[in-house]
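Asker: Got a structure for you, questions after.
The values are calculated or read from the model by the stated rules, or taken from the named source; none is laboratory data. Worth saying up front: this structure is predicted, and the values here are computed from it rather than measured. FYI the Cβ positions are ideal-geometry reconstructions off the backbone, even for glycines, and counts take in every protein chain you see. SASA here: full protein model, heavy atoms, side chains in, ligands and nucleic acids out. Shrake-Rupley method; radii C 1.70, N 1.55, O 1.52, S 1.80 Å.
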Amino acid sequence: MEAAPSSSSTSTSTSTSSGGSVTFYDFLDRMRNPASLDLVRSIKSFIVSFSFYTPNPDNDGKKVQDFYLSMEAAIREHPLWAAATFEELDSAMEGLEKYVMTKLFSRTFASVPEDAKIDREVSEKICLLQTFLKPEHLDIPAVLHNEASWLLAEKELQKINTFKAPREKLLCIMNCCRVINNLLLNASMSENHALAGLDDFLPVLIYVTIKASSPCFCWYMYDESRPCPFCSKNANPPQLHSNLKFIQLYRRQAKLVSEAAYYFTNLVSAKTFIVDLNGKSLSMDEIKFEESMQAARLTQTNRATQIEASPTLQGQTDPTLTRMHDKEKDTSGGSSYPYMDAEAGELTVGDVERLLSLYKDVVTKYTSLYKVVRHLSMSKTEIPHSEGTSFLLTQPEGTNTKIDHQRGN
Amino acid sequence: MGCSSSLPDRSSGQLAGLNSENGGVSDAKNLRVKLVLLGDSGVGKSCIVLRFVRGQFDPTSKVTVGASFLSQTIALQDSTTVKFEIWDTAGQERYAALAPLYYRGAAVAVVVYDITSPDSFAKAQYWVKELQKHGSPDIVMALVGNKADLNEKREVPVQDGIDYAEKNGMFFIETSAKTADNINQLFEEIAKRLPRPASS
């Protein structure tokens, strides 16, 4: 079971952070008690009932919220909770939410194609923006330029994908916002920078959100469920839209209030700003903005096409090779190395030169990769190797772009 | 610009446990109210709130201090309490389109301008119109002319504020976050104007 996100890192309010996994184990314990058999049955049949319907986020959200309410009433009346305090009842409900939504996660998270599409659009926009966006473009005051704080806030936000329970996802947002709040408070104390509330907070949150959502561009094919060992970014950028929607629909409504609702709204607001962002949204010349976006688009297209078209790392375009490559393009995996499916008998003397050049290319890439990986393992960086998709590919950056395209289809 | 009031006390952790979060308990005696602050950047929105939250010297008050979300409970003479949950918004022009995300569901909107800045007064009128179009129909609105301590630099006459507020059915007050003038009065007046849930 995943650990609950810690919320003790800052000094500001912790209203939504009462004990994490401890209460969850308490919940599971009580559910193992024979006296709670009726509750367990309701929960199980509710979860099973979801497999009978096709996903419809709004209906699903309502069903889950109604279920929370009816279970809350049932728990309140239940002999096992006869003398329970409000806190105990509440932690039972937190446990229930976590249990139900962990079970229903794959059925409810980004469950319709429209949501996946919006996620993709948001992350594509972010990919372009992060190539040129600077804090100055959002008028973030110099006293708030603090790479360490921003990085910490990014890390908190990135954790959102490591949790399935809505409460824990929400806590990641809260923790990210707390880091930013602390930055603002510190600046006001040490730099005598007047507290300007959301005027200062929102630009920083937007900047952090963009940085936190940039996917990894390393060309190392790693286990996609973990951050890249090279740049520690995610293969899958945080699915900003789907995460927000998931919290909105499945966090107990009584808990998405007050401060939690406020910081949640701020991330919704940051996402909305990013989606609608155009040349007029930034402190930047409009023409320069369009040029930068265009340049970023070109770089991305190049990344994608380079890998399709060029069989060698340096992109030396030997016309015969390209022809060979084109011919064999449909044989999966063989596109960069045209002789992969060739039989010895088919080879001619004329192939020797090309084979030798490919051989040298492969060896050069292999040795340099080997050095990098060795260096990394010596510095104790964990590298998931040779398990399933965790496989070193000798391909230039762009591999991820390609994957994204495939995922998009 | 800037707040001259002291900084928020970082150690005042939130005491309110789960109870206060219980489904938005608002009964006739204890109201919980979402209040949204609107106004140009630099008019002192955040300062008004900091002054309000810091100005209450009840050490047992459950104060959450963030840089942009604050809450404060006040007790009225009729022994009811009102907990204001104050939602700050970003005043810069480029974030104007995001405001509906914040004022959705707000029971109170406090629209702030700077009495030394006619531009900020025009912006305040823009927010009032926005709220009339898109806010909750029964929203309580207050128009606040801040920086009243800078009277010698005044460019928006008091009467203009009064007239505009009257025409639009709003409560009007001039405040100074710097001297704390009228800050508590602002929130007390708002509290009095809140619709009460039927005390059945």
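Asker: May I ask you to evaluate 6.51 cos²θ - 1.76 cosθ + 1.60, the Karplus curve with θ = phi - 60°, for each residue of the stretch B:38-52 and list the ³J(HN,Hα) values in order in whole Hz, giving x for glycine and proline?
Answerer: After applying 6.51 cos²θ - 1.76 cosθ + 1.60, I find 10, x, 4, 6, x, 7, x, 3, 5, 5, 4, 5, 4, 4, 5 Hz.
Asker: Do any residues of the stretch A:165-208 show a loss of at least 50 square angstrom of accessible area between the isolated chain and the full protein assembly, using a 1.4 Å probe, and if so which?
Answerer: A:L185, A:M189, A:L195, A:L198, A:D199
Asker: Using Cα pairs closer than 8 Å and at least 6 residues apart in sequence, work out the relative contact order for the stretch B:35-174, in percent. Don't jump to the answer; show the numbers that get you there.
Answerer: Working: 228 pairs, mean separation 36.6, N = 140.
Relative contact order here is 26 percent.
Asker: Once you put a point 7 Å from the Cα of A:S190 and another 7 Å from the Cα of B:L194, both along the Cβ direction, what distance in nm separates them?
Answerer: Label at A:S190, label at B:L194, 3.9 nm between them.
Asker: Right, another one. Residue by residue through the stretch A:40-56, what is 3J(HN,Hα) from phi via Karplus (6.51 cos²θ - 1.76 cosθ + 1.60, θ = phi - 60°)? Round to whole Hz and write x for glycine and proline.
Answerer: Per-residue couplings from phi come out as 4, 4, 4, 4, 5, 5, 5, 5, 5, 4, 5, 6, 7, 10, 7, x, 8 Hz.
Asker: Let me ask something additional. Give me the percent of the accessible area of the stretch B:62-200 that comes from carbon and sulfur atoms, probe 1.4 Å, all protein chains in place. It would help to have the intermediate numbers written out before the result.
Answerer: Working: 3010 of 6120 Å².
In the stretch B:62-200, the share of accessible area belonging to carbon and sulfur is 49 percent.
Asker: Of B:L101, B:I74, B:I139, which is farthest along the charge dipole of the stretch B:73-200 in the positive direction, counting Lys and Arg as +1 and Asp and Glu as -1 at C-beta?
Answerer: B:L101
Asker: With unit charges on the beta carbons (Lys and Arg positive, Asp and Glu negative) and the dipole taken about the Cα centre of the stretch B:148-200, which residue among B:G161, B:L186, B:L150 sits farthest to the positive side?
Answerer: Value computed over the given set: B:L186.
Asker: Taking amide H positions as placed 1.01 Å from N in the peptide plane, with prolines and chain starts having none, which residues 5 or more places from B:V140, or on another chain, fall under 5 Å of its amide H?
Answerer: B:V108, B:A109
Asker: Accessible area, 1.4 Å probe, largest first: how do B:E166, A:E346, A:E94 sort?
Answerer: Details: B:E166 145, A:E346 120, A:E94 20 Å².
Correct descending sequence by accessible area is B:E166, A:E346, A:E94.
Asker: Dipole of the stretch A:113-171, Cα-centred, from +1 at each Lys and Arg C-beta and -1 at each Asp and Glu C-beta, to the nearest 20 debye? Please list the in-between numbers first.
Answerer: Values: 9 positive and 11 negative charges, 52 e Å.
In debye, rounded to 20, the stretch A:113-171 gives about 260.
Asker: Among A:A82, A:P57, A:T131, which residue has its Cα furthest toward the positive end of the charge dipole of the stretch A:35-145, with +1 on Lys/Arg Cβ and -1 on Asp/Glu Cβ?
Answerer: The residue sitting farthest along the positive end of the dipole is A:P57.
Asker: Output wanted: per-residue J couplings in Hz (rounded whole) for the stretch B:127-138, from phi through Karplus 6.51 cos²θ - 1.76 cosθ + 1.60, θ = phi - 60°, x for Gly and Pro.
Answerer: Per residue, the Karplus-derived 3J(HN,Hα) values read 5, 4, 5, 4, 5, 5, 7, 10, x, 4, x, 9 Hz.
Asker: Would you mind computing, in nm to one decimal, how far apart the modelled labels at A:E121 and A:V48 are, each placed 7 Å from Cα along Cα→Cβ?
Answerer: That separation, rounded to one decimal, is 4.0 nm.
Asker: Oh, and also: Just how far, in whole angstrom, is the stretch A:237-253 from the stretch B:100-155 if you go by their alpha carbon centroids?
Answerer: 32
Asker: Separate question: Would you mind computing, in nm to one decimal, how far apart the modelled labels at A:T367 and A:D66 are, each placed 7 Å from Cα along Cα→Cβ?
Answerer: 6.9
Asker: Return the value, in Å² to the nearest 100, of accessible area buried between chains B and A (probe 1.4 Å, both sides summed).
Answerer: On the way: alone 10640 and 21520 Å², together 28630 Å².
What B and A bury together is about 3500 Å².
Asker: Tell me which residues come under 5 Å, amide H to amide H, from B:N146 once H is placed; ignore anything under 5 positions away on its chain.
Answerer: It is B:Y113, B:D114, B:I115, B:T175, by chain and number.
Asker: Using only Cα atoms, locate the centre of the stretch A:36-71 and the centre of the stretch B:159-200, then give the distance between them in Å, rounded to an integer.
Answerer: If we compute the Cα centre of each part, the gap is 46 Å.
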